[in-house]
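Undergrad: One structure follows; several queries about it will come next.
Every number in this text was worked out from the coordinates using simple rules, so none of it is lab data. Only a predicted model underlies this, so the values are computations on that prediction, with no experimental measurement involved. Here Cβ is always computed from backbone atoms with ideal geometry, including for glycine, and neighbour counts include all displayed protein chains.
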Amino acid sequence: MAGRRLSPAGDSYAGYRARLVETLRAQGIRDLAVLKAFAETPRHLFVPAAVRHRAYDDTALPIGNGQTISQPFTQARYLEALRLRGRERVLEIGTGSGYQTALLGALADQVFSVERVRSLALAAQQALRAAGVANVSVLVGDGTLGWSAYAPYDAIVVAAGGPEIPPPLVEQLALTGRLLVPLGKRGAQTLTLVERDGATLRRTPLGGARFVPLLGEHGFDA
């Protein structure tokens, strides 16, 4: 079953969340579970106080350390492509603010997230606790190496753009798993859905994307 629904922290923002959901629906997001996750997840808890008044705008926002919280539509497109049904074990590469981690927690059974920047990981853990998310775990480390202790994963989400799919992530993907990753050069990538069928990988481009670079042993150099 999917992780328990988030606590009603910050109910004064409910109207703003509803408006965001309508914006996502107008842009073509149809998965009702994904829309419900956005309606219930308190994004304002995952952004710095200085930009909290823009928490429910459909835009990326700075979160420090040269990182951003992604545009909600981009995340919704990600989540819809994964086709999660509530019983999956998911690996997320790039915890960032923790907001997408929380959304995944509302859609899957277990979420394991890896973040290379310790301060971001700690802030995300604090925000996840404040939001009442109990079915996620966060590790500080090199995301391109995955998190082998809990493999295989039914789905893997990479929230940074890399030149190629890190081999450890393929190894940790279930035999019928799905992996979403932006592939390409720094500053401009193609969001790519990778579906595994045993030893076969099928790639489907989903459109252009612009993510921070994937750093690590199997990514870009820092």
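Undergrad: Compute the distribution of all C-alpha to C-alpha distances in the stretch 135-222, in bins of 5 Å from 0, and list the percent of pairs in each, rounded to whole numbers.
TA: 3, 16, 25, 25, 20, 11, 1
Undergrad: Quickly work out the Glu22-to-Ala60 label distance, labels modelled 7 Å from Cα along the C-beta direction, and quote it in nm with one decimal.
TA: Label at Ala60, label at Glu22, 2.8 nm between them.
Undergrad: Can you give the relative contact order of the stretch 55-115 as a percent, counting alpha carbon pairs under 8 Å and 6+ residues apart?
TA: 30 percent
Undergrad: So, one more: Just to be sure I understand the model, the point goes 7 Å from the Cα along the line to the Cβ. What's the resulting Ala50 to Leu122 distance in nm?
TA: 1.9 nm
Undergrad: Of the listed peptides 32-38, 21-27, 178-184, what is their order by residue-averaged count of other C-beta atoms within 10 Å, with the highest listed first?
TA: 178-184, 32-38, 21-27
Undergrad: Kirkwood hydrodynamic radius, the stretch 1-123, all distinct C-alpha pairs: what's the number in Å?
TA: Every distinct Cα pair counted, the radius reaches 14.5 Å.
Undergrad: Same structure, new question: Top mean-square fluctuation among Ala199, Ala134, Ala159, Gaussian network model of the chain, C-alpha springs under 10 Å?
TA: Ala199
Undergrad: In Å, what Kirkwood hydrodynamic radius results for the chain from the alpha-carbon pair distances?
TA: Kirkwood radius, the chain: 17.1 Å.
Undergrad: Under a Cβ-Cβ cut-off of 14 Å, what is the net charge of the residues other than Ala26 that fall near it, where Lys and Arg count +1 and Asp and Glu count -1?
TA: The answer is +2.
Undergrad: So what's the net charge close to Gln125: Lys and Arg +1, Asp and Glu -1, counting the other residues with Cβ under 13 Å from its Cβ?
TA: +1
Undergrad: Which order do the peptides 139-149, 110-120 come out in when sorted by mean C-beta neighbours inside 10 angstrom, highest first?
TA: 110-120, 139-149
Undergrad: May I ask you to order 58-64, 70-76 by the average number of other C-beta atoms within 10 Å around their residues, highest value first?
TA: 70-76, 58-64
Undergrad: For the stretch 79-171, max minus min Cα coordinate along each principal axis, in Å, sorted largest first?
TA: Answer, in whole Å and largest first: 35, 31, 23 Å.
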